[in-house]
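What follows is a single structure, written as structure tokens, with notes after it.
The values are calculated or read from the model by the stated rules, or taken from the named source; none is laboratory data. For clarity, every value in this text was computed on a predicted model and none was experimentally measured. In this analysis, Cβ positions are derived from the backbone assuming ideal geometry, glycine residues included, and neighbour counts consider all displayed protein chains.
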Amino acid sequence: MTSQQPELSGAARGVPSTNGDVVLRVQPTLDRDDSELADLTRRLRTRLLDLDVEGVDPVADTLQPEGAKGLETLIGWLTVRLGKEMLRKVIGEVVEWAAHTNNTVEITYSGDSLKVSGVTSAQQERLINDFLARHAPRP
């Protein structure tokens, strides 16, 4: 298995607004269908629920046609409501999961996005530190 270089992106485009929560998107691949992507997302959700977060929920599709009953969820998308000091743990868990499953996950927090896939431990630590430094509480 070859390790891909981590990919950083700027402000997220098309990411649902979630009031400061972390938004995750498991990136679809050409060799996976929607049911496989949904299963991968459920497995990631289960891992994140084991952390001390307030909740992990699928993201609703708010762009449905007028008159549609109920909201469908976006396949591969999760919203994580954080408890105190949980951003680092959530990012670490997602990065570890992405490396283990050979998937790419986009992490979005406060309009800033980080894409990770198959990173080494050293790369993971650097990426997390850089991302968290941009979101450290201001004195």
Exercise for review: Mind listing just one residue for me: the one in segment 47-61 that is touching a Gly at 6+ places or on another chain (Cβ under 8 Å) and of a type outside the set (A, V, I, L, M) and, of those, modelled with the lowest pLDDT?
Suggested key: 52
Review point. Taking segment 62-101 as the search range and keeping residues that are acidic (Asp, Glu) and within 27 Å of residue 135 (Cα to Cα), which one is modelled with the lowest pLDDT?
Key: 85
Point to revise | Test: residue in segment 110-120 that is aliphatic (A, V, I, L, M) and either modelled with pLDDT of 90 or more or within 15 Å of residue 24 (Cβ to Cβ) (or both) | key: yes
